[in-house]
Amino acid sequence: MGLQQELGMPNPISDTAHEAIMNIVLTGEMLAKEGQRIFRPLGLTNSQFNVLILLKHQSNHEGITQTELGARLLVNRSNVTGLVDRMEEAGWVRRAPAPGDRRINKVQLTKEGSHLLGKAEILYYSRIREVMGGLSKKDLGAMNGLLGRVREKLYD
């Protein structure tokens, strides 16, 4: 089904670049809602899942700083402190002084956070395989390349 039909638009979208942007935005919003649906029963938000997965897969045993976390997250960087505060309160992460510089804290995954992430990853990757299953590796590579090119223009 095309975007025009999905949104119930009586007239075609005349600008294909605008239609592409609308497709990206609508798809992103739908994927975010699907993430909320998946993670809500576990007491997680999309942002909290992103923090946990970054700590597991993109940091070493010492963790990563909040600044590094903010740069890698798909959320507003000003929200990182509050996000980490809530996750620390829940027992999913901990802050530890950075070796050599006690002014900097490293955020680390706790055993509880790792256990929760294990449950969330099973649900997440299962759903991703369903949603993206109709696309070949070549399709996914092309999509990643094209979206990367769009983001490059946004950095200009």
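Bear in mind these aren't lab numbers, they're just calculated from the coordinates by the rules spelled out. None of the values given here were measured: they were computed from a predicted structure. Please note: Cβ atoms are built from the backbone with ideal geometry, for glycine as well, and neighbour counts cover all protein chains shown.
Some notes on this structure:
- Between residue 24 and residue 136, the simple label model (points 7 Å from Cα in the Cβ direction) yields a spacing of 2.5 nm.
- Helix-only CD estimate at 222 nm, as mean residue ellipticity for the chain, using -39500 (n - 2.57) per DSSP H run (n ≥ 4): -20500 deg cm²/dmol
- Loop-located GluC sites (Glu not before Pro) in region 28-109 whose Cβ has at most 13 other Cβ within 10 Å (DSSP): 62
- Under 5 Å, built H, 5+ apart or other chain: amide partners of residue 104: 98
- Per the Cα gyration tensor, region 30-131 maps to an equivalent ellipsoid with semi-axes of 24, 14, 12 Å, ordered largest to smallest.
- In summary, the convex hull built on the alpha carbon positions of region 1-56 has an orientation-averaged projected area of 5.3 nm².
- Built amide H within the under 5 Å cut-off of residue 65, gap 5+: 107
- Given charges at beta-carbon only (K, R positive; D, E negative), |dipole| of the chain in Debye: 520 debye
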